[in-house]
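Below is one structure; the comments refer to it alone.
The values are calculated or read from the model by the stated rules, or taken from the named source; none is laboratory data. Note that the coordinates shown come from a computational prediction; the quantities given were computed from them, not determined experimentally. With ideal geometry, Cβ positions are generated from the backbone for all residues, glycine too; neighbour counts draw on all protein chains shown. Areas reflect the complete protein model, heavy atoms only, side chains present, ligands, DNA and RNA absent. Shrake-Rupley method; radii C 1.70, N 1.55, O 1.52, S 1.80 Å.
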Amino acid sequence: MQNTMRKEELTRIPVLPLRGMMVFPHMVLHFDVGRAKSVAALEKAMVDDQYVFLVAQKDAEVDEPQMDDLCTVGTVAHIKQVLNLPGDSIRVLVEGKHRAILQSIVEEEPFLIADVQPVHEETVRESAELKALVRTTHEFFEEYCTASMRVSQETLRSVMDVDKPDQLADIIAANVLTKLEDRQSILENLKVKDRLEVLCGILLRETELADVEKQVQARIKKQIEKNQKDYYLREQIKAIQTELGDKDGTDIEDLLDRLQNTPLNDEAREKCEKELERLSRMAPGTPEIGVSRTYVEWILDLPWGKTTADNLDLKRARRVLEEDHYGLEKVKERIVEYLAVLRMKKDMKGPILCFAGPPGVGKTSIVRAIAKAVGREFVQMSLGGVRDEAEIRGHRRTYVGAIPGRIINGIKQAGTMNPVFLFDEIDKMSSDFRGDPASAMLEVLDAEQNDAFRDHYLELPFDLSRVMFITTANNIETIPPALLDRLEIIEVPSYTEEEKMKIARRHLLPKQIKQHGLPQRSVKISERVLRTVVDGYTREAGVRELERTLAQIVRKATVEMFDDKVSEVNVTMEKLRSYIGAVKYTREALEKQNLVGVVNGLAYTTVGGVLLSIECSVMQGTGTLQLTGKLGDVMQESAKAALSWVRAHCEPWGISADFFKQHDIHIHVPEGAVPKDGPSAGVTMTTALTSALTSIPVQQSVAMTGEVTLRGRVLPIGGLKEKLMAAYRAGIKTVLIPKENVKDLEDIPANVLARVQVLPVSNVSEVLKIALVSEPPMINEPMISALQIAASTTQGTNVYRGS
């Protein structure tokens with residue numbers, strides 16, 4: 001027979017909301033009641049007919065449920081027993097009778113009373129479809145019990161004995177289903193057929209989940225067993241190695257502990273784990289053990305995730321940079337700018353700077369001061385003579401004795417990922433068959449790539465983007481263009497005589513006195529003596545030789561203190577000569593008389609500017625131009641261009657047109673053992689040629705620099721500050737410079753401009769008008785007019801002097 005549902009008239013009945021549970025028809029269950037309204041509803045039901053409506057709450061957290069908080073279908077139950085518990089709770093035993101549909105809540109105080117519509121089941125004839133559905137339910141339930149292993153055999157047998165369709169679904173839902181939503185869906189299905197179909201779907205789903213759970217549990221169990229087995233085997237191996245006196249096993253455990261506590265990236269952690277697993281399987285005494293262990297130790301020794309906090313106090317940074325270094329204003333300004341931006345943008349990438357200048361001007365020492373000012377660790381790597389790419393990137397592990405490159409090694413020594421890293425003498429790198437280290441530096445010094453730098457030994461990405469890379473160079477022309485493009489060039493010029501005086505007084509002399517263990521101010525040097533030391537015993541762009549000379553003076557003074565038993569020494573000119581001998585360098589005295597064919601030129605070298613005297617001589621011959629003084633190709637071409645200009649303008653200067661066919665011209669640049677090159681001697685050679693050919697003397701108080709063209713234009717040159725410094729030291733009164741170099745006068749010290757008259761010129765005619773003592777007697781009127789205009793142009797506003 002098949003059961004169908006019959007709906008009856010509304011019944012008013014006390015309501016007992018249930019939290020986290022529900023009662024089905026034909027089910028006997030006891031539970032505790034503690035809420036005041038629920039207790040009042042039970043008391044009312046006991047006074048009346050002992051029937052109560054049990055309905056589940058949608059949300060168990062609601063203490064005062066309303067109509068919307070209750071499910072629509074519940075169970076009318078008969079109260080069979082009530083037991084008062086300590087406190088205000090009651091334990092009640094109920095038996096579910098039939099389903100009921102909640103229609104409305106009619107009263108809420110002092111308890112809930114609702115109108116419900118009872119739903120009774122009517123017995124009808126069973127069909128083949130219903131029998132098949134009951135059998136299918138039995139099969140699904142049995143499969144679920146087998147898969148989940150959560151249902152006891154007694155429950156399985158009792159359920160299998162139930163053949164009534166209406167009771168079968170309720171019993172399985174009440175005893176097996178765990179989710180409240182599933183149980184409520186069974187309760188809300190009023191038709192038995194629909195109820196069984198829903199139950200079969202739930203059982204099928206739970207069976208599949210149970211199968212998956214079994215697979216997961218089996219996999220977890222297998223992994224646990226493997227881990228236990230590995231642990232047991234490792235402990236056995238450790239015991240055996242301990243007996244044999246082998247400590248490799250203990251080392252592996254230590255490395256594993258370090259691996260767990262080191263914040264590696266995913267690729268590094270994976271490689272370490274594989275290498276340690278491979279290491280644990282090696283037999284004791286295998287040569288590969290040392291190689292593998294060293295590799296893992298290198299990875300773990302790197303400062304993964306460790307950084308030093310930057311000191312962003314701009315006033316302190318300026319004070320630290322000024323403590324040990326005088327001048328270098330552009331360098332200091334750039335570092336203060338970096339700190340200011342870093343205060344605004346915390347994750348800014350480190351700058352890549354290049355300090356370019358002559359030796360001894362403080363490029364390396366200022367980098368140490370930068371690290372101190374910023375509060376970072378300092379790492380130095382000298383690139384002078386480096387010709388092997390492996391010095392930068394390291395050796396691959398296939399080579400015996402392979403180690404990481406010096407960059408990774410420097411990061412390890414620093415112990416942080418954001419040190420100040422100095423590449424000293426980057427212009428001295430070279431290449432050979434072993435590779436090109438300059439090409440390897442392209443990745444390191446590229447802010448867009450160095451966040452994943454790969455050393456050949458480690459073969460792991462390592463972040464270098466937070467490192468402040470600083471390089472130094474004497475000559476940027478020898479740096480490859482691709483590498484130079486990645487560098488921010490900051491020129492570090494040579495020191496003037498006044499700057500050297502201040503550096504010696506403020507820094508070098510106190511430093512030497514302290515290093516020799518003497519009290520401060522125990523060695524006194526007057527301004528006159530110190531100027532003699534700077535000018536007569538040193539000839540350099542920097543201050544290294546000056547520091548060595550001062551050290552020699554302090555040593556001699558120390559000996560005198562012990563011999564004469566005095567506490568201080570005042571170094572006089574006489575003592576200076578007895579300490580360090582006669583003056584080494586004397587300023588080449590300028591010729592008192594103006595000479596024919598002798599012109600003062602200015603040159604720029606790696607040690608600063610120098611005064612270069614160019615001599616020109618004319619003799620009987622066959623029209624040959626002879627150049628001596630170890631001149632480079634560019635300088636020889638400048639001499640030829642100068643000669644061509646003079647020949648093209650021979651008539652205005654009173655020179656015979658066929659003069660060059662009957663005479664030889666010899667241009668010589670003294671100090672013939674020193675190589676010389678560059679185009680800036682063009683105007684000097686032109687002036688020397690003109691003077692020699694016209695026999696007009698050249699003013700020896702005038703020096704000049706500039707490249708000349710065939711049309712007589714004077715083109716700009718480089719190294720103007722160093723050249724003017726050389727003229728200043730030599731006592732030159734007037735310097736002729738290309739007009740386009742006027743903008744560079746901003747960097748010239750005021751004391752230099754105060755003593756040297758700087759005249760800008762744009763063509764050779766202006767140069768000759770100023771440099772030659774007189775005009776040629778055969779010069780024509782148009783030429784005189786042009787020279788007069790040029791002379792008037794050079795006077796007045798175009799004369800640059802210091803204020």
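Go through the stretch 534-560 and report how many residues are modelled with pLDDT under 90 and of a type in the set (Val, Ile, Thr).
Selection size over the stretch 534-560: 3.
For the stretch 171-192, enumerate the residues that are in a loop (DSSP other than H, G, I, E, B) and closer than 20 Å to LYS131 by Cβ.
Our first condition is that a residue be in a loop (DSSP other than H, G, I, E, B); within the stretch 171-192, this holds for 176-179, 189-191.
Those that are in a loop (DSSP other than H, G, I, E, B) and closer than 20 Å to LYS131 by Cβ: ASN189, LYS191.
Which condition number in (1) over 24 Å from PRO165 (Cβ atoms); (2) surrounded by 17 or more Cβ atoms within 10 Å (Cβ to Cβ) is the one that LEU133 fails?
(1)
Can you find a residue that is more than 60 Å from the chain's Cα centre (by Cα), crowded, with 16+ Cβ neighbours inside 10 Å and more than 19 Å from MET22 (Cβ to Cβ) anywhere in the stretch 171-185?
No, that holds for no residue.
Show the residue pairs that are 6+ apart or on different chains and have beta-carbon atoms under 9 Å apart, the first residue being within the stretch 384-396 and farther than 23 Å from ILE476 by Cα and open to solvent by 50 Å² or more (accessible area, probe 1.4 Å), the second being part of a loop (DSSP other than H, G, I, E, B) and small (Gly, Ala, Ser).
HIS395/GLY401; HIS395/ALA402; HIS395/GLY405; ARG396/ALA402
Answer with yes or no whether ARG713 is in contact (Cβ under 8 Å) with a residue 24 or more places away in the chain, surrounded by fewer than 24 Cβ atoms within 10 Å (Cβ to Cβ), over 18 Å from GLU775 (Cβ atoms) and touching a helix residue (DSSP H, G or I) at 6+ places or on another chain (Cβ under 7 Å). Quick ask: steps written out before the conclusion?
Values: in contact (Cβ under 8 Å) with a residue 24 or more places away in the chain: yes; surrounded by fewer than 24 Cβ atoms within 10 Å (Cβ to Cβ): yes; over 18 Å from GLU775 (Cβ atoms): yes; touching a helix residue (DSSP H, G or I) at 6+ places or on another chain (Cβ under 7 Å): no.
For ARG713, the condition - in contact (Cβ under 8 Å) with a residue 24 or more places away in the chain, surrounded by fewer than 24 Cβ atoms within 10 Å (Cβ to Cβ), over 18 Å from GLU775 (Cβ atoms) and touching a helix residue (DSSP H, G or I) at 6+ places or on another chain (Cβ under 7 Å) - is not met.
Pairs needed: first member in the stretch 253-269, open to solvent by less than 50 Å² (accessible area, probe 1.4 Å); second member anywhere, not in a helix (DSSP H, G or I); C-beta distance under 6 Å; at least 6 residues apart or different chains.
From the stretch 253-269, the pairs are THR262/TRP304; LEU264/TRP304; ALA268/LEU460.
Could you grab me the full set of residues in the stretch 652-669 that are of a type in the set (D, E, K, R) and touching a residue at least 24 places away in the same chain (Cβ under 8 Å)?
From the stretch 652-669, those of a type in the set (D, E, K, R) are 658, 661, 664; that's our starting set.
Listed by number, the residues that qualify are LYS661, ASP664.
For residues that are more than 60 Å from the chain's Cα centre (by Cα) and farther than 25 Å from ARG19 by Cβ, scanning just the stretch 186-219, find the one that is most open to solvent (accessible area, probe 1.4 Å).
Of the stretch 186-219, the ones more than 60 Å from the chain's Cα centre (by Cα) are 186-200.
From the residues that got through so far, the ones that are farther than 25 Å from ARG19 by Cβ too are 191-194, 196-197, 200.
Working: LYS191: 140, VAL192: 5, LYS193: 74, ASP194: 60, LEU196: 0, GLU197: 88, CYS200: 11 Å².
Ranking the candidates gives LYS191 first.
Would you be able to tell me the number of residues in the stretch 452-488 that are within 23 Å of ARG396 (Cα to Cα), touching a residue at least 60 places away in the same chain (Cβ under 8 Å) and assigned to a helix (DSSP H, G or I)?
The number of residues fulfilling the criteria is 0.
Among the residues of the stretch 81-92, are any of a type in the set (D, E, K, R), in contact with a strand residue (DSSP E or B) (Cβ under 6 Å, 6 or more places away or on another chain) and under 24 Å from ILE171 (Cα atoms)? Quick ask: steps written out before the conclusion?
At the first step, the residues of the stretch 81-92 found to be of a type in the set (D, E, K, R) are 88, 91.
Going one step further and asking which of them are in contact with a strand residue (DSSP E or B) (Cβ under 6 Å, 6 or more places away or on another chain), we end up with 91.
Add one more test, that the residue is under 24 Å from ILE171 (Cα atoms), and what stays is 91.
The answer is yes, given that some residue of the stretch 81-92 is of a type in the set (D, E, K, R), in contact with a strand residue (DSSP E or B) (Cβ under 6 Å, 6 or more places away or on another chain) and under 24 Å from ILE171 (Cα atoms).
State which residue is most open to solvent (accessible area, probe 1.4 Å) when the search covers only the stretch 725-758 and only residues that are of a type outside the set (Gly, Ala, Ser) and closer than 12 Å to THR705 by Cβ. Full working, then the answer.
Going through the stretch 725-758, the residues of a type outside the set (Gly, Ala, Ser) turn out to be 725, 728-729, 732-749, 751-753, 755-758.
Now drop any that are not closer than 12 Å to THR705 by Cβ, which leaves 732, 735-738, 741, 744, 758.
Values: ILE732: 4, VAL735: 1, LEU736: 1, ILE737: 0, PRO738: 0, ASN741: 2, ASP744: 52, VAL758: 1 Å².
Taking the candidates together, the pick is ASP744.
Which number in (1) touching a residue at least 40 places away in the same chain (Cβ under 8 Å); (2) under 30 Å from THR605 (Cα atoms); (3) not aromatic (Phe, Trp, Tyr) marks the one condition that GLN552 misses?
Condition not satisfied by GLN552: (1).
Keeping to the stretch 308-324, report how many residues are among the small types (Gly, Ala, Ser), surrounded by fewer than 16 Cβ atoms within 10 Å (Cβ to Cβ) and in a helix (DSSP H, G or I).
Going residue by residue through the stretch 308-324, those that are among the small types (Gly, Ala, Ser) are 309, 317.
Now restrict to residues that are surrounded by fewer than 16 Cβ atoms within 10 Å (Cβ to Cβ): 309.
Within this subset, residues satisfying the condition of being in a helix (DSSP H, G or I) are none.
The total comes to 0.
Kindly evaluate GLY597 against the criterion of being touching a strand residue (DSSP E or B) at 6+ places or on another chain (Cβ under 6 Å) and surrounded by 12 or more Cβ atoms within 10 Å (Cβ to Cβ). Let's see the steps before the verdict.
Values: touching a strand residue (DSSP E or B) at 6+ places or on another chain (Cβ under 6 Å): yes; surrounded by 12 or more Cβ atoms within 10 Å (Cβ to Cβ): yes.
So GLY597 passes the test.
Taking the criterion of being touching a Lys or Arg at 6+ places or on another chain (Cβ under 8 Å) and polar (S, T, N, Q), would at least one residue in the stretch 309-328 satisfy it?
no
Taking GLN520 as meeting all but one of (1) closer than 24 Å to SER365 by Cα; (2) of a type outside the set (Val, Ile, Thr); (3) modelled with pLDDT under 90; (4) touching a strand residue (DSSP E or B) at 6+ places or on another chain (Cβ under 8 Å), write down the number of the exception.
All conditions pass for GLN520, except number (4).
I'd like to know if the stretch 626-643 contains one or more residues that are over 30 Å from ASN474 (Cβ atoms), open to solvent by less than 40 Å² (accessible area, probe 1.4 Å) and in a loop (DSSP other than H, G, I, E, B).
Within the stretch 626-643 (the criterion being over 30 Å from ASN474 (Cβ atoms), open to solvent by less than 40 Å² (accessible area, probe 1.4 Å) and in a loop (DSSP other than H, G, I, E, B)), the answer is no, since none of the residues qualifies.
Name every residue in the stretch 68-88 that is at negative phi and either open to solvent by 70 Å² or more (accessible area, probe 1.4 Å) or modelled with pLDDT under 80 (or both), in order of residue number. First the steps, then the outcome.
First, the residues of the stretch 68-88 that are at negative phi: 68-86, 88.
Listed by number, the residues that qualify are ASP68, THR72, LYS80, GLN81, LEU83, ASN84, PRO86, ASP88.
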